[in-house]
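Structure record follows, encoded as structure tokens.
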Amino acid sequence: MVKFQKKAIIFDLDGVICFTDKFHYQAWKALADRLGIYFDKEINDRLRGVSRMASLEIILEQSGREYTREEKETFASWKNGTYQKLLKSMSPMDLSGEVKDTLVSLRNRGYKLAIGSSSRNTKLILGQIGLGNFFDAVADGTDITRSKPDPEVFLLAAQKLGFVPADCAVVEDAKAGIEAAKAGSMTALALFGDAKGCGLEDYDLACFSNLLDIF
Ligand code: BG6
Ligand code: MG
């Protein structure tokens, strides 16, 4: 059995701690429908780990026309308003027992735990699922200028925890996140999504609680 000697674990939020994909999809789909642009679940999968503006650019690829910066900002803000209304339906019931118990066990084993997410809604989501004050550090889309695959968000999470990258492992569901972890010289653990089997990860997790076998 593989074992990793680390002091801290940095978790991606969307697709790892909880599942907001369906809300992102509904909100982007509503925007695409308003603009008469084709959008489907396959395109939605390409938005995993990608910032809000970069996601919008991917959606607008289908439009075949150029939009001004102001128009793009209006679209992104409309999507976010729609997305935030959907997030309000989330509650601690959206945090699985497996994720919660594993996090608590890792903490009891002495690991420092952080969030490293591209989302500017990170604190809202953590509050909705009852983890508002749980993590030792939170680095998110409001703290950074470069989104994954840039390592900025993970390096900031490590810095907030007071550890060097070599002491940290990252758990990710997006290939862009695995790339970010490796670019930041951290151990990259893939769970679900296009992270798993992408070829850059140090380990493929079978499930969230598999963390208790390797730490
Ligand atoms: C990431 C999601 O966590 O956050 C992406 O995987 C999303 O799909 C990105 O685009 C930005 O989210 P937000 O909440 O800032 O619009
Ligand atoms: Mg993710």
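Given a cut-off of under 8 Å on Cα pairs at least six residues apart, what relative contact order in percent is computed for the stretch 139-215? Numbers along the way, then the final one.
Details: 133 pairs, mean separation 17.8, N = 77.
Once normalised by length, the contact order is 23 percent.
Hey, could you get me the Stokes-Einstein D for the chain, Kirkwood radius over alpha-carbon pairs, 4 °C and 1.567 mPa s, rounded to whole µm² s⁻¹? Let's see the in-between values first.
Working: Rh = 17.6 Å.
Taking Rh from Cα pairs, D becomes 74 µm²/s.
Which three extents, in angstrom, do the Cα atoms of the stretch 56-120 have along their principal axes, listed largest first?
53, 24, 19
What residues have an amide H closer than 5 Å to that of Val138, excluding those fewer than 5 places away on the same chain, when H is modeled at 1.01 Å from N in the peptide plane?
When sequence neighbours closer than 5 places are left aside, the close amide H contacts are Ile115.
So what's the net charge close to Ala158: Lys and Arg +1, Asp and Glu -1, counting the other residues with Cβ under 12 Å from its Cβ? Write down the numbers at each step before the final one.
On the way: positive: Lys6, Lys7, Lys112, Lys160; negative: Asp136, Glu152, Asp167.
Summing Lys/Arg as +1 and Asp/Glu as -1 gives +1.
Defining a contact as two alpha carbons under 8 Å apart and six or more residues distant in sequence, what relative contact order in percent does the stretch 71-145 show?
Details: 51 pairs, mean separation 25.8, N = 75.
34 percent.
Using the structure shown, select from Lys3/Lys123; Lys3/Lys88; Lys85/Lys160; Lys6/Lys79; Lys112/Lys182; Lys112/Lys196 the pairs with a Cα to Cα distance greater than 28 angstrom. If you can, show how the numbers build up before the last one.
On the way: Lys3/Lys123 31 Å; Lys3/Lys88 39 Å; Lys85/Lys160 30 Å; Lys6/Lys79 38 Å; Lys112/Lys182 20 Å; Lys112/Lys196 24 Å.
Correct reply: Lys3/Lys123; Lys3/Lys88; Lys85/Lys160; Lys6/Lys79.
Taking the 0 to 90 degree range and rounding to the nearest ten, how far is the long axis of helix 69-87 tilted relative to the main principal axis of the chain, both from C-alpha atoms?
For 69-87 against the chain, the angle is about 60 degrees.
I'd like the Karplus ³J(HN,Hα) series for the stretch 93-103: coefficients 6.51, -1.76, 1.60, θ = phi - 60°, whole numbers in Hz, and an x wherever there's a Gly or Pro.
So the Karplus estimates, Gly and Pro as x, are 5, 7, 9, 6, x, 4, 5, 4, 4, 5, 4 Hz.
May I ask for the distance between the Cα centers of the stretch 145-192 and the stretch 1-45, given as a whole number of Å?
Measuring centre to centre over Cα atoms gives 17 Å.
Explain nothing, just compute: Karplus ³J(HN,Hα) = 6.51 cos²θ - 1.76 cosθ + 1.60, θ = phi - 60°, for every residue of the stretch 151-165 in order, whole Hz, x for Gly and Pro.
Taking θ as phi minus 60°, the curve returns x, 3, 5, 6, 5, 5, 4, 4, 4, 4, 7, x, 10, 7, x Hz for the stretch 151-165.
Tell me the net charge near Gln128. Cut-off is 13 Å between Cβ atoms, Gln128 excluded, with +1 for each Lys or Arg and -1 for each Asp or Glu.
Numbers: positive: Lys85, Lys88, Lys123; negative: Asp14, Asp94.
With Lys, Arg at +1 and Asp, Glu at -1, the net is +1.
Please list, in chain and number order, the residues 5+ apart from Val170 or on another chain whose amide H is under 5 Å from its amide H, with Hs placed from the backbone.
Amide H to amide H, under 5 Å and 5 or more residues apart or across chains, Val170 pairs with Ile10, Thr187, Ala188, Leu189.
What longest region of the chain stays clear of trypsin sites (Lys or Arg not before Pro) that DSSP places outside H, G, I, E and B and that have at most 12 other Cβ atoms within 10 Å? If you can, show how the numbers build up before the last one.
On the way: sites that count: Lys3, Arg65, Lys88, Arg109, Arg146.
In short, 147-215.
Coordinate-derived values only; no laboratory data. These figures come from a predicted structure and were not determined experimentally. Here Cβ is always computed from backbone atoms with ideal geometry, including for glycine, and neighbour counts include all displayed protein chains.
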